[in-house]
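Below: one structure, written as C-alpha cells.
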Amino acid sequence: MKVQILDNFLPPELFDQTKKEFNDLIDSNEMHFCKEFGRMYCHRPSWFDYLHKTLVLDQAKKLFGNDIVPSYNFLSYYMTEHSICRLHTDRFPMCQYTLDLCIFQNDPWDIYVNYIPYKLEPNQALSYSGTGMPHYREWMEKGNRVALAFFHFSDSVYAKMDLN
C-alpha cells in the first residue's frame, strides 16, 4: 500500500464546518484528557461520524478499494510540549486503513509512517495502513496546538464483527 497526502480533502464549506465542530468539542465536556499522550480525545462525535459514513467513505473506497467498511473515527487535540504519539501499529482489523486529517495547527507536526516523515497542512489527509505500517509523532514543540481526525476502515469481511 502506498502512503499518500491528499490535498483539499474536504470541500471548503465542509472543512469550515468541520473546524467549527472540532472547536465546539474542545469547548465542551465531551473530550477527555489522556496524560500519557498529552492530548484530549473523543470517539465518534456525530459530525465526524456523519462524514465517516458518507464523503470520507467515498474517498476511502477510491484509495483502498470498494470492499471496505468504516469502523470508527477518533479525534485528537494535542496541546502541550508533553504531547507525543509513540511508535505503534493500530488494532487489527478495525484500523486496516486510515485517513489522518489535519483540522488545524499552529505549526506542522510530522507524522512518521514506516519511518518516513510526512508534513500535513490543514485540510490535508494522509492515507496509510494503520495495522501494516508503524507510525508515530515525535515530542511536540512547546506552544504548538494540533487537531487531527482519524477515520479508520476495515475490509468488509470483518463487518459482522463488533469493531467497537
Note to self: I'd like to verify a number: residues in the stretch 74-104 that are over 21 Å from Leu51 (Cα atoms) and part of a strand (DSSP E or B), how many?
What the structure shows: 5
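Each row is one residue, and each column tells you yes or no for (1) out of contact with any helix residue (DSSP H, G or I) (no Cβ under 9 Å at 6 or more places or on another chain); (2) in contact (Cβ under 8 Å) with a residue 60 or more places away in the chain; (3) not hydroxyl-bearing (Ser, Thr, Tyr).
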position: Met1; (1), (2), (3): no, yes, yes
position: Asp7; (1), (2), (3): yes, yes, yes
position: Ser28; (1), (2), (3): yes, no, no
position: Met31; (1), (2), (3): no, no, yes
position: Lys35; (1), (2), (3): yes, no, yes
position: Met40; (1), (2), (3): no, no, yes
position: Asp58; (1), (2), (3): yes, no, yes
position: Lys61; (1), (2), (3): yes, no, yes
position: Glu81; (1), (2), (3): yes, yes, yes
Note to self: Looking at the stretch 106-129, can you tell me whether even one residue there is more than 22 Å from Glu13 (Cα to Cα), hydroxyl-bearing (Ser, Thr, Tyr), touching a Ser or Thr at 6+ places or on another chain (Cβ under 6 Å) and part of a strand (DSSP E or B)?
What the structure shows: yes
Next item on the list: Tell me which residues, restricted to the stretch 138-164, are out of contact with any helix residue (DSSP H, G or I) (no Cβ under 8 Å at 6 or more places or on another chain), in a strand (DSSP E or B) and crowded, with 20+ Cβ neighbours inside 10 Å.
Entry: Val146, Leu148, Phe150, His152, Ser154
Notebook entry, point to check: Which is outside any strand (DSSP E or B), out of contact with any strand residue (DSSP E or B) (no Cβ under 8 Å at 6 or more places or on another chain), among the acidic types (Asp, Glu) and closer than 28 Å to Met140 by Cβ, of Asp58, Asp49, Asp24?
Noted result: Asp24
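Each reported figure results from applying straightforward, stated rules to the coordinates on display, with no laboratory input. None of the values given here were measured: they were computed from a predicted structure. Glycine gets a Cβ as well: all are built from the backbone with ideal geometry, and neighbour counts include every protein chain shown.
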